[in-house]
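S.K.: I have a structure I would like to understand better, so I am pasting it below and will then ask my questions one at a time.
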Amino acid sequence: MTVALKQPVAAFDPQAIRAQFPILSRRINDKPLVYLDNAASAQKPRAVIDAMVGAMEHSYANVHRGLHTLANESTQAFEAARADVARLLGADAPERIVFTRGTTEAINLVASSLGQSIGEGDEIVLSIMEHHSNIVPWHLLRERKGAVIKWVELNPDGSLDMESYASALGDRTKIVALTHMSNVLGTRTDGAEIVRMAHARGAPVLLDGSQAAVHGAPDVMALGADFYVVTGHKLYGPTGAGALYAAGDWLDRLPPFLGGGEMIESVSREAVSYAPPPHKFEAGTPAIVEAIGFGEAARWLMAQDRPAIAAHEAALLEKATEGVLAQGGRVHGTAPDKGGILSFSFEKAHPHDLAQLLDKYGVAVRAGQHCAEPLMEHLGVHSTARASFAAYNTEEEVDMFLDALKRAREMLT
Ligand SMILES: Cc1ncc(COP(=O)(O)O)c(C=O)c1O
């Protein structure tokens, strides 16, 4: 029997990651930038920037149907990006990935296409911690079709109440659309269990992976979800590029979303036939350069030690949470295993004022409703401040954030 030698584990080094992000050397108000607005959008590594510039400088043309070199190169890069995003998500084939403008468009696609078979009284299961992009497309169906939205409640720590979920499922459930990680509370949901319970009732599941894919490494095949959606700009990629993963033959069965060029096989005066998926869902010239940047971001992420990033972010979250509590703040979301997102508020300081004052010290946080009004109502607050962590943040930055927070609060009280 051979004894496996333990590989020396290289310590996670956020400085090595920081060095790859040009914007992080900026100064704001004569202070070093402390960027803690990652849940809204992450910064971009040099690799992504170079891939996009390279595409425009060397290989740019419209994709598909081209008969010249640049069109072929551009198409190859675009389809390679699809394959990389598929690998990032653990999808079984690149054809299961539809490029969209982001999560919002991906959810609208499913709501619109699947929605064609939803009728009056059919039920849609959502939780009260969804981002508006996973609420409003379903409200549109409620308005148009008379569908009924069933709301899943939360436990006091901000975790999904699985009993409430079980009772929201019923014979008329036509889709379950739940977040895989809240952008406000940082709560991760048990995607595999959500899917298991829904499938037992014959209902398909869409998981919103906008945050979960950043702070973890979801495997769509292991989750078993019918639909999984992500948005490139939170995954260290560019804006304007996101993805819908659809399992099995869903993309064959669903009707198209938008109509136009690229998504057809043939068009006559009388009839239209559609291109095979995923192209059937990609009408018009796609965001070519952005998709290539998204593919590069996926490659960049896959080259990182993602469990180490998650552990690093958890350590930053813990330190920041302790600091905010020590200053007398209220922390929203305390579920075990939550991801690197810290929403907080102070009785005597409006979140907007805090965010503006923090900016004076170079610290970027977000304040507002975070596109989650039903959740704000549940929390009994109008808005919160939110610090959210990424691979490139450091313990020193958490100290700078806490120090700036203390000063900002002193100015406001
Ligand atoms: C959980 C969650 N879902 C959906 C979205 C919407 O993403 P996008 O605006 O890129 O479509 C966000 C963005 O904040 C999010 O955090």
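S.K.: Do we find that Gly202 is small (Gly, Ala, Ser), assigned by TED's automatic domain parsing to the domain that holds Leu235 and in contact with a Lys or Arg (Cβ under 6 Å, 6 or more places away or on another chain) in this structure?
M.R.: The answer is no for Gly202.
S.K.: So which residues in the range 377-399 are aliphatic (A, V, I, L, M) and buried (at least 19 other Cβ atoms within 10 Å of the Cβ), if there are any at all?
M.R.: Leu379, Ala385, Ala387, Ala390, Ala391, Val398
S.K.: Further question on the same structure: What residue, of Thr104, Thr75, is farther than 22 Å from Ala225 by Cβ, among the β-branched types (Val, Ile, Thr) and in a helix (DSSP H, G or I)?
M.R.: Selected residue: Thr75, the only one of Thr104, Thr75 that is farther than 22 Å from Ala225 by Cβ, among the β-branched types (Val, Ile, Thr) and in a helix (DSSP H, G or I).
S.K.: Can you pull out every residue in the range 350-382 that is in contact (Cβ under 8 Å) with a residue 60 or more places away in the chain, among the aliphatic types (A, V, I, L, M) and assigned to a loop (DSSP other than H, G, I, E, B)?
M.R.: Residues satisfying the conditions are Val365, Ala372.
S.K.: Next question, about the same structure. Can you pull out the residues in the range 333-349 that are touching a Leu at 6+ places or on another chain (Cβ under 8 Å), farther than 22 Å from Ala391 by Cα and surrounded by 13 or more Cβ atoms within 10 Å (Cβ to Cβ)?
M.R.: Answer for the range 333-349, where residues must be touching a Leu at 6+ places or on another chain (Cβ under 8 Å), farther than 22 Å from Ala391 by Cα and surrounded by 13 or more Cβ atoms within 10 Å (Cβ to Cβ): Phe346, Ala349.
S.K.: State which residue is farthest from Gln304 (Cα to Cα) when the search covers only the range 15-53 and only residues that are touching a residue at least 12 places away in the same chain (Cβ under 8 Å) and polar (S, T, N, Q).
M.R.: Once the filter is applied, the top-ranked residue is Asn29.
S.K.: Can you say whether Ser133 is in the same structural domain as Glu105 (by TED's automatic domain parsing), touching a helix residue (DSSP H, G or I) at 6+ places or on another chain (Cβ under 9 Å) and either hydroxyl-bearing (Ser, Thr, Tyr) or under 28 Å from Ala217 (Cβ atoms) (or both), as far as the supplied structure shows?
M.R.: Answer is yes for this residue.
S.K.: Given the conditions (1) in contact (Cβ under 8 Å) with a residue 40 or more places away in the chain; (2) surrounded by 24 or more Cβ atoms within 10 Å (Cβ to Cβ); (3) not charged (D, E, K, R), report the number of the one that Leu207 does not fulfil.
M.R.: Only one criterion is unmet by Leu207, namely (1).
S.K.: Among the candidates Ala61, Ala106, Ala55, single out the residue that is modelled with pLDDT of 95 or more, under 28 Å from Gly209 (Cβ atoms), more than 16 Å from the ligand (Cβ to nearest atom) and among the hydrophobic types (A, V, I, L, M, F, W, C).
M.R.: Criteria check complete, one pass: Ala55.
S.K.: Looking for whichever is out of contact with any Phe, Trp or Tyr (no Cβ under 9 Å at 6 or more places or on another chain), surrounded by fewer than 20 Cβ atoms within 10 Å (Cβ to Cβ) and not basic (Lys, Arg) here; the options are His131, His139. Which one fits?
M.R.: Within the list His131, His139, the selection yields His139.
S.K.: Please state which of the following conditions Ile135 fails to meet, knowing it meets all the rest: (1) more than 16 Å from Cys371 (Cβ to Cβ); (2) within 16 Å of the ligand (Cβ to nearest atom); (3) within 20 Å of the chain's Cα centre (by Cα).
M.R.: Single failed check for Ile135: (1).
S.K.: Return yes or no: is Ser127 within 16 Å of the ligand (Cβ to nearest atom), within 24 Å of Phe294 (Cα to Cα) and either at pLDDT 95 or above or not β-branched (Val, Ile, Thr) (or both)?
M.R.: So Ser127 does not fit the description; no.
S.K.: Does Ser112 fit the bill of being touching a Cys at 6+ places or on another chain (Cβ under 8 Å) and either modelled with pLDDT of 95 or more or within 18 Å of Ala203 (Cβ to Cβ) (or both)?
M.R.: So Ser112 does not fit the description; no.
S.K.: Looking for something in a loop (DSSP other than H, G, I, E, B), under 20 Å from Tyr228 (Cα atoms) and either within 12 Å of the ligand (Cβ to nearest atom) or in the same structural domain as Leu88 (by TED's automatic domain parsing) (or both) - is there at least one such residue anywhere in the range 139-157?
M.R.: no
The values are calculated or read from the model by the stated rules, or taken from the named source; none is laboratory data. Owing to the predicted nature of the structure, the values given are computational and were not obtained by experimental measurement. Reconstructed Cβ throughout: ideal geometry from the backbone, glycine too, with neighbour counts over all protein chains shown.
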